[in-house]
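Each value in this text was obtained by applying a stated rule to the coordinates, not by laboratory testing. Just so it is clear, the structure is predicted and the values come from calculations on it, not from any experiment. Neighbour counts run over all protein chains shown; Cβ positions are idealised from the backbone, glycine included.
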């Protein structure tokens with residue numbers, strides 16, 4: 001890529017985008033979620049491992065079940081959002097590596113190595129969740145990421161019998177600025193960086 005995005009695009013994705021706490025009551029279909037995934041999936045992960053697995057809560061029943069696993073402050077946001085995504089991490093992601101990363105025997109880097117599996121699954125599913133947020137913003141949606149929930153309860157309710165564990169959750173929809181909080185400050189380059 002040799003060209004920067006326009007200022008308008010950068011505003012949409014970063015500078016003017018906000019963490020959403022409220023949404024317009026507009027339903028979002030699976031076709032739109034597929035569009036978000038089909039953009040986000042191109043974000044890089046180490047050895048193209050792609051450990052993220054997403055549970056999309058569209059029904060009120062699924063959102064209520066998830067809200068029952070969340071903190072008191074997050075539960076109402078989950079219940080009211082048009083969609084809630086649970087970003088999970090497949091703890092057997094390495095079984096896909098012969099297809100996703102055929103350049104090397106990458107499966108052998110992880111099989112039987114629980115710490116390498118846990119570190120890689122968490123790091124890369126977090127990256128993929130961030131790509132989902134950026135993709136959703138690029139497509140005109142607002143997102144509210146959150147981590148205030150009981151992982152064991154969420155895993156039992158949504159990933160029972162699988163090798164997937166929850167990482168974080170996010171609400172998704174057409175944002176309603178009336179419910180937004182004032183923008184919080186950000187650290188400057190000098191505050192957050194060291195040049196070595």
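Going 7 Å from the Cα of residue 95 toward and past its Cβ, which residues in the stretch 36-55 have a backbone nitrogen under 18 Å from where you end up? Label zone hits: 49-55. Fewest neighbouring Cβ atoms within 10 Å first, the residues 171, 19 line up as 19, 171.
If you look at the Cα atoms of the stretch 69-196, you get an Rg and a Dmax of 17.7, 52 Å.
The label point for residue 103 and the one for residue 192, both projected 7 Å from the Cα toward the Cβ, are 2.8 nm apart. Considering only the Cα atoms of the stretch 1-121, their convex hull presents on average a projected area of 10.7 nm². Taking 0.36 nm per residue of sequence separation and removing the Cα-Cα distance, the residue 3/residue 27 pair yields an extension gain of 5.2 nm.
Stretching the chain fully between residue 11 and residue 115 yields a gain of 33.6 nm (0.36 nm per residue, less the alpha carbon separation).
As a proxy for reagent exposure, ranking 50, 146, 89 by other Cβ atoms within 10 Å from fewest up yields 146, 50, 89.
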